[in-house]
Amino acid sequence: MLVRDRAFFASMFLTVLADQILLFLVPLVIFQITGNVAWSGLAFFFETLPRYLTFPVAGILCDRINPILLLRISRILRAVVCLVCIAGQIAFGGVWWLIGLSALVGVLTTQGLLALEMVLVRAFNDQRFEKVASYSQLAAQMGVVLGPLIAAYLMAIWPWETVVFVATALFFLSDGLFLLWRGQSRMEPVPEAPTRHPVSEFRKALHLAWSLPGLMRAILQAAGVNLIIGATLATAAAMMTGFFAQSVQTYAWLQVGGALATLAVLSLTAHIHLGLKILGRTAYAFICLGAVLTGLGAHPLIYTAGFLLIAGFDKMFNIYVRTLRKEIIPAQDFGKTTGVIICLNNLSQPLAGLMVALFASGDDARAVLLALAAAMALLGVLTFRIR
């Protein structure tokens, strides 16, 4: 699979690499400009809320339009947005251009992620999906490993605006590699479904999310996980470079460590067949433990241990949720239902950013992190006990 689809996975790697450069750069630059973790939390809120509210619309589009086309459009428009926002930043200045950049790129990333999910389901139907998902996550994690390092060391020699131009070039290169992939002919046709008004499609997706067995429980579990993911993403730059007084390069290596932890967990998941329930419970428990460690904030090494647990087992939980969706959702309703589910799963991420903005103090977000860890633990106890 890796040999015949190397252009596909290489394109995926470059797309994630560009996204990770932007994800690393934006909160760090905002914190450097403002010196306040609350601003980072507010920026994260404005970035993630439109991103996840877009998922239902993106899902409906994936059921109606070729996901290959949507995937390409998403990449090209991300590059265009980078160019436009940097031009605005150079001309007018201010942090809002950065926030706008991350918000618009986030919306386009939403469409790309859901289109990619459709491609994985339909073009790799001859493979066990846990294996396909693990390999795709491994390709993505290579970008996650290198993205922070490249961004940190480029920012040491160039202004951050130039680093955004590097990400722009990577989006264009990724699309060029994708054109070389010959797997489009393997796309499995989807049974035709009656065309409905988008509102009716949305209602249908909500009904399926509520009524299909096991989906609502998984949505609540994912909401608990994403509370922690959101809080960690919103505060990591401020905690490491501010509260713990570490360098930008040290923060970059923390991100790399998280990516390497993810690679290790994904390799385990790809090669050892765990039952779906064990997969979900194990991942959830370790993420919750990691949240407690980051919230304690007693020492940079303790924070790092918690960060690595969160980063590593987040992707294991992601595979659990994706496999569950594939097994339960009818093929003709997969796009719109998945879009609604991902939206509901992830609304807790901007909520976590808002909590950071409202309750964090200076560069110290420990109290918020511990409170969200408690909320996650409570959701886990309630949902995993439901049969």
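The values are calculated or read from the model by the stated rules, or taken from the named source; none is laboratory data. In this text, all values refer to a predicted model and were calculated from it rather than measured experimentally. FYI the Cβ positions are ideal-geometry reconstructions off the backbone, even for glycines, and counts take in every protein chain you see. Heads up: the accessible areas ignore ligands, DNA and RNA and are worked out on the full protein's heavy atoms, side chains in. Shrake-Rupley method; radii C 1.70, N 1.55, O 1.52, S 1.80 Å.
A few remarks follow.
- Within the range 299-333, the residues that satisfy the criterion of being out of contact with any Phe, Trp or Tyr (no Cβ under 6 Å at 6 or more places or on another chain), farther than 15 Å from A261 by Cβ and among the basic types (K, R) are R322, R325.
- 1 or more residues crowded, with 20+ Cβ neighbours inside 10 Å and modelled with pLDDT of 90 or more: qualifying helices (runs of 4 or more DSSP H) within the range 280-380: 300-328
- If you check L276, L266, L212 for being in contact (Cβ under 8 Å) with a residue 12 or more places away in the chain, open to solvent by less than 20 Å² (accessible area, probe 1.4 Å) and touching a helix residue (DSSP H, G or I) at 6+ places or on another chain (Cβ under 8 Å), only one passes: L266.
- Residue in the range 272-289 that is touching a Lys or Arg at 6+ places or on another chain (Cβ under 9 Å) and within 21 Å of E117 (Cβ to Cβ) present: yes
- For the range 86-103, a residue qualifies if it is part of a helix (DSSP H, G or I) and touching a residue at least 40 places away in the same chain (Cβ under 8 Å), and the qualifying residues are I86, Q89, I90, L98, I99, L101, S102, A103.
- Cβ pairs under 8 Å, 6+ apart, first in the range 323-336 and under 19 Å from H273 (Cβ atoms), second not in a helix (DSSP H, G or I): L324/G214
- Answer residue from the range 29-55, given it is more than 26 Å from N345 (Cα to Cα) and either crowded, with 24+ Cβ neighbours inside 10 Å or among the hydrophobic types (A, V, I, L, M, F, W, C) (or both) and is modelled with the highest pLDDT among those: V29
- Meets criteria (part of a helix (DSSP H, G or I), over 25 Å from A152 (Cα atoms), among the small types (G, A, S) and touching a residue at least 12 places away in the same chain (Cβ under 8 Å)) for A223: yes
- On inspection, G59 does not qualify as free of Cβ contacts under 8 Å to residues at least 40 places away in the same chain, part of a helix (DSSP H, G or I) and open to solvent by less than 20 Å² (accessible area, probe 1.4 Å).
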